[in-house]
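Colleague: I'd like to ask some things about the structure below.
No value in this document is a laboratory result; all are computed from the given coordinates. Note that the structure is predicted; figures quoted are calculated from it, not measured. Every residue, glycine among them, receives a Cβ derived from its backbone with ideal geometry; neighbour counts consider all protein chains shown.
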Amino acid sequence: MSRNLILGTALSSIVVLAAVVSFLWTPYDHAALDIPNKLKPPNATHWLGTDHFGRDMLSMIMVGARTSIAVALVAVGIGMAAGIPLGLTAAARKGSWLDELIMRGNDLVFAFPSLVIAILITAIFGAGAINAIIAIGIFNIPVFARITRGAALSLWEREFIMAARVAGKGTARISAEHILPNIANLLIVQGTIQFSLGILAEAGLSYVGLGAQPPTPSWGRMLADAQTMVSFAPHLALIPGCAIILTVLGLNLMGDGLRDWLDPRIRVART
Amino acid sequence: MLRYALKRLLSLTLSLAIASLVIFAVIEVAPGDPASFMLGVNAQPDTLAALRAELGLDVPKTERYLTWVGGMLTGDFGTSYTYRTPVSQMIADRMWVSLPLALYALTLSTLIAFPAGIYAASRRGKPGDIAVMGATQLGVAVPNFWFAMMLVLIFAINLRWFNAGGFAGWDKGFGAAMQSLTLPAIALALPQAAILARVMRSALLDVLGEDFMRTARAKGLSHRQALWRHGLRNALIPVLTIIGLQFSFLLAGSIIIEQVFYLPGLGRLVFQAISSRDLIVVESVVMLLVFAVIMVNFVVDLAYAAVDPRLRSRT
């Protein structure tokens, strides 16, 4: 295993662990107000300090990790669930009207940045974590459709697929039994990258008020609250910012490491 | 080439038509009537009807869609529900902040990424390369709005070199306006520069392994000369594509950065419009952003095909 993979997995695990533990235990109640102790910098009783309402920052970061992970994970799920079948279909019917329709549809969705989709959804249904998930999820669909189609196309030319055809298997069965397992590695790596982009997108959407709404803690929301207080309480902005950076960095390193580890050609070249 | 361009133009028109249809349809299903929102719950039915007629809300949806699209083609985006001023005028005013900001950020990102990518590629595997790649890994992970807040903390609040927010306006002179856009542009540019530097490095490394590079070295050029004369020019093709794509990301990304710096650009316009249910402004700004993305992709495709003839036959 490469250094990237180990470091990335370690960083990501810390965040996931913090989120899981927050269901059972947090140092303080993340929503409990303690005005006399507001804006305290990191100290022995509050390891990461307190915010403008005296809430414990560590507890908020732990609970906020849940929001970030949940939104990004479900958004990747949406992208994979819709994008992979579309990509497989397009590749199996290469050059047909269906392929053309799927790919042009992809281009169209691609023209809507996730922020713009979020703006549209918010304009209709109002802001919230669910709408952030939908916006980021929709943005992920063409990403997975494209990468699936591209990888599947080259596999369709291979002899073992030809053999499966001769054996009488239909296109749907070949896609599911032979193509999908062979591109799974690629999709896992892309999933990691989209997951990290999802964390960034969720933070951005909550920051501008289009994501999770109070009292649900989210890292982006914490940064938005910190903005007017950054001059006298910089820890309010530094801590959620570092949480986002470490998570995204961890996932990206893990994605890079996984790609090298799962790609037999690179592995052989190294040994 | 002409046939390829025409084919892409047809698909561009179709994409724009469908995008406009999707945006209009999405906004149309929005609950709440803008006229009743503006007049409040105690509005008289006849006043409401008069306002609906004035805003053009009483005609069938198909007709409203055609009026909206037809208007946009002639530069008429309709009238804002809340401000009662032409939407095109509002967009034009805000555009003078958002567009220069995106271009400024694009320039900065290119100026940072090119030397960084070239340096890393020419020192492949050495400490310099590892340092640059580590920095780009970090740059990609930093949320631009958080970086913006840190820039404000350091350069506006502590060092007082820049204003913490607001826009001086172009009438105060080019220097003053650019000064208010500098921190936002740096914040926007950094993550994009990190991506671009990585692309630049890998494109250069791909080219360095090519036969013509070996030929260039064999005929007596130094490593540096071969890199500048032959390597860079060939590596530019994928890099330019990414630069094109980044422009649309920067335009959309400026929506968030404008919030940090209180810049009166398209981003703030659209958020104000959402909160006041000024849907005609929302749909026009969204359409404009999508139009920009589709147009940039179109130009990039054409430029790519012009440089690389193989692509023309592929689609």
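Colleague: How large is the charge dipole for region B:90-313, taken about the Cα centre, if only the Cβ atoms of Lys, Arg (+1) and Asp, Glu (-1) carry charge, to the nearest 20 debye? Don't jump to the answer; show the numbers that get you there.
Modeller: On the way: 18 positive and 11 negative charges, 192 e Å.
My answer is approximately 920 debye.
Colleague: If you take the square roots of the eigenvalues of the alpha-carbon gyration tensor of the protein assembly as shown and sort them as a ≥ b ≥ c, do you get rounded (a/c under 1.5), prolate (a/b over b/c) or oblate? Write down the numbers at each step before the final one.
Modeller: On the way: a/c = 1.40, a/b = 1.16, b/c = 1.21.
Taking the square roots of the gyration eigenvalues as a ≥ b ≥ c, the protein assembly as shown is rounded.
Colleague: Any chance you could check the Cα centroid distance between region A:184-207 and region A:214-251 for me, in angstrom?
Modeller: Centre-to-centre (Cα) distance: 19 Å.
Colleague: Continuing with the same structure: Using alpha-carbon positions, what is the distance between the centroids of region B:212-283 and region B:132-175, in Å?
Modeller: 18 Å
Colleague: Based on the alpha-carbon gyration tensor of chain A and its eigenvalue square roots a ≥ b ≥ c, which shape applies: rounded if a/c is under 1.5, prolate if not and a/b is larger than b/c, or oblate? Each step should come with its number before you reach the end.
Modeller: Working: a/c = 3.19, a/b = 1.89, b/c = 1.68.
Judged from the Cα gyration tensor, chain A comes out prolate (a/c at least 1.5, a/b above b/c).
Colleague: Of the residues B:Asn144, B:Asn163, B:Asn42, which exhibits the maximal mean-square fluctuation in a Gaussian network model of chain B defined by a 10 Å Cα contact cut-off?
Modeller: Between B:Asn144, B:Asn163, B:Asn42, it is B:Asn42 that shows the largest mean-square fluctuation.
Colleague: Report the relative contact order of region B:179-315, percent, no decimals, based on alpha-carbon pairs under 8 angstrom and at least 6 residues apart.
Modeller: RCO, region B:179-315: 23 percent.
Colleague: A further question on this structure: Order these by the 10 Å Cβ neighbour count, fewest first: B:Trp228, A:Trp261, B:Trp146. Write down the numbers at each step before the final one.
Modeller: Details: B:Trp228 13, A:Trp261 18, B:Trp146 26.
So the residues, fewest neighbours to most, are B:Trp228, A:Trp261, B:Trp146.
Colleague: State the Cα centre-to-centre distance between region A:17-62 and region A:76-148 in whole Å.
Modeller: 37 Å
Colleague: Please compute the contact order of chain B in relative form: average sequence separation of alpha-carbon pairs under 8 Å and at least six residues apart, divided by the residue count, as a percent.
Modeller: On the way: 325 pairs, mean separation 80.5, N = 315.
Relative contact order comes out at 26 percent.
Colleague: How do B:Phe77, B:Phe291, A:Phe160 line up, fewest other C-beta atoms within 10 Å first?
Modeller: Numbers: B:Phe77 23, B:Phe291 16, A:Phe160 11.
So the residues, fewest neighbours to most, are A:Phe160, B:Phe291, B:Phe77.
Colleague: Related question: Can you sort B:Phe298, A:Phe53 by how many other beta carbons sit within 10 Å, fewest first?
Modeller: Numbers: B:Phe298 18, A:Phe53 14.
Ascending number of Cβ neighbours within 10 Å: A:Phe53, B:Phe298.
Colleague: Sticking with this structure for a sec: Sort B:68-74, B:14-20 by packing, meaning the average of other beta carbons within 10 Å per residue, with the highest value first. Write down the numbers at each step before the final one.
Modeller: Numbers: B:68-74: 14.0, B:14-20: 16.9.
Ranking the peptides B:68-74, B:14-20 by packing returns B:14-20, B:68-74.
Colleague: Also: Would you mind telling me which residue in A:Gly79, A:Gly241, A:Gly198 has the biggest mean-square fluctuation in a Gaussian network model of chain A, where springs connect alpha carbons within a distance under 10 angstrom?
Modeller: Top of the fluctuation ranking is A:Gly241.
Colleague: I've got another one for you. Using a 10 Å cut-off on Cβ to Cβ distances, tally the other chain neighbours for every residue of A:199-209 and report the average as a whole number.
Modeller: On the way: counts 2, 8, 1, 0, 4, 9, 1, 0, 7, 8, 4.
Going residue by residue through A:199-209 and averaging, the value is 4.
Colleague: Give, as a single signed number, the net charge of other residues whose beta carbon lies under 10 Å from the beta carbon of A:Leu236, with Lys and Arg counted +1 and Asp and Glu -1. Could you put the intermediate results ahead of the total?
Modeller: Details: positive: none; negative: A:Asp51, A:Asp225.
Summing Lys and Arg as +1 and Asp and Glu as -1 gives -2.
Colleague: Let me ask something else. Which of B:Leu2, B:Phe271, B:Val296 sits farthest toward the positive end of the charge dipole of the protein assembly as shown, with +1 on the Cβ of Lys and Arg and -1 on the Cβ of Asp and Glu?
Modeller: In the protein assembly as shown, that residue is B:Leu2.
Colleague: Choose one of A:Trp97, A:Thr50, A:Phe195: the residue whose Cα lies farthest towards the positive end of the charge dipole of region A:3-270 (beta-carbon charges +1 Lys, Arg; -1 Asp, Glu; about the Cα centre).
Modeller: The residue sitting most towards the positive pole is A:Trp97.
Colleague: Counting Lys and Arg as +1 and Asp and Glu as -1, what is the net charge of the other residues whose Cβ lies under 9 Å from the Cβ of A:Arg149? Before the final figure, lay out each step's value.
Modeller: On the way: positive: A:Lys94, A:Arg146; negative: A:Asp99.
Once all neighbours under 9 Å are counted, the net charge is +1.
Colleague: Just how large is the dipole of region B:68-181 about the Cα centre, in debye to the nearest 20, putting +1 at every Lys and Arg Cβ and -1 at every Asp and Glu Cβ? Walk me through the intermediate numbers first.
Modeller: On the way: 7 positive and 4 negative charges, 72 e Å.
Dipole size: approximately 340 debye.
Colleague: Something else: So for the pair B:Leu6, A:Ile188, with labels modelled 7 Å out along Cα→Cβ, what separation do we get in nm?
Modeller: Inter-label distance under the simple model: 5.0 nm.
Colleague: What size of dipole, in debye to the nearest 20, comes out for the protein assembly as shown about its Cα centre when the only charges are +1 on Lys and Arg C-beta atoms and -1 on Asp and Glu C-beta atoms?
Modeller: That gives a dipole near 2280 debye.
Colleague: Give me the percent relative contact order of region A:1-155, please, defined on Cα pairs under 8 angstrom at least 6 residues apart.
Modeller: Values: 197 pairs, mean separation 35.6, N = 155.
Here the relative contact order equals 23 percent.
Colleague: Projected onto the charge dipole of chain B (+1 at Lys/Arg Cβ, -1 at Asp/Glu Cβ, origin at the Cα centre), which of B:His223, B:Ser180, B:Leu101 gives the Cα projection farthest towards the positive end?
Modeller: So the residue furthest toward the plus end is B:His223.
Colleague: Moving to a separate point now. Taking square-rooted eigenvalues a ≥ b ≥ c of the alpha carbon gyration tensor, is chain B rounded, prolate or oblate, where a/c under 1.5 means rounded and, failing that, a/b exceeding b/c means prolate?
Modeller: Oblate, because a/c is 1.5 or more while a/b does not exceed b/c.
Colleague: Near B:Lys7, which lysines are there with a Cα under 22 Å away, not counting those fewer than 8 places off in the same chain?
Modeller: Hits, sequence-local ones excluded: A:Lys94.
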